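Written below as structure tokens is the structure these notes are about.
Rule-based calculations on the coordinates, nothing more; no lab input. Not measured: the values here are computed from a predicted model. Reconstructed Cβ throughout: ideal geometry from the backbone, glycine too, with neighbour counts over all protein chains shown.
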Amino acid sequence: MCTLHIQRPLRPWSSCCLTSGSARAFRVFFFFLNMAGKEKLDLVHQNQIHVETIKKEQRLQKLHTEFSINPYRKLHILPDKPMSRKPTQVIEENLDFLKAFHKAREEPTKKYSKPLTESQEIGWLSTPLIPPNRHDTRLNFYRFSMDVTKHQEFAQKASN
């Protein structure tokens, strides 16, 4: 009598010791490994892959010890409550932050000498090539009154 033995796939990401980033990388790796139709790895190989993934994450991780507020984010400063009794604190101005804050809100033409993207090239030189002449009637179509329009305006005012 012949029996069929079905082996369940190993799920290495189910252990609680994995970090979220390495767990996802682990799952993606095994998904594509199973898709390729290659043989399944044993527990030693899986552990080695996991160790290498964690080492790579730690090697590429940056530790930021200096705190600074993002100058590109809009700050909403709220005033104190009107009946508050505590005195207002005087905060010293940080010149580096103020420079970065003003630099972030400048127009791109003032920040950079050349456009950085193709979409910036379209409106980079926005000043008109010919100075505008408001008295040139070829391009400026202003409304002006004639005898007929003055008569009609007077008739409308009289009817109201």
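Worth a mention:
- Links that overshoot a 24 Å alpha carbon limit, given the list Lys74/Lys99; Lys40/Lys62; Lys62/Lys114: Lys40/Lys62; Lys62/Lys114
- Column: log10 I(q)/I(0), Debye, Cα scatterers of the range 54-160, q = 0.13, 0.23 Å⁻¹: -0.90, -1.25
- Derived scalar couplings ³J(HN,Hα) [the range 110-124; Karplus, 6.51 cos²θ - 1.76 cosθ + 1.60; whole Hz; x for Gly, Pro]: 8, 6, 10, 7, 10, x, 8, 10, 5, 5, 6, 5, 5, x, 5
- Distance between the modelled labels on Leu75 and Lys103, one decimal in nanometres: 1.7 nm (7 Å Cα→Cβ projection).
- Taking only Cα atoms of the range 62-115, radius of gyration then Dmax in Å: 16.4, 53
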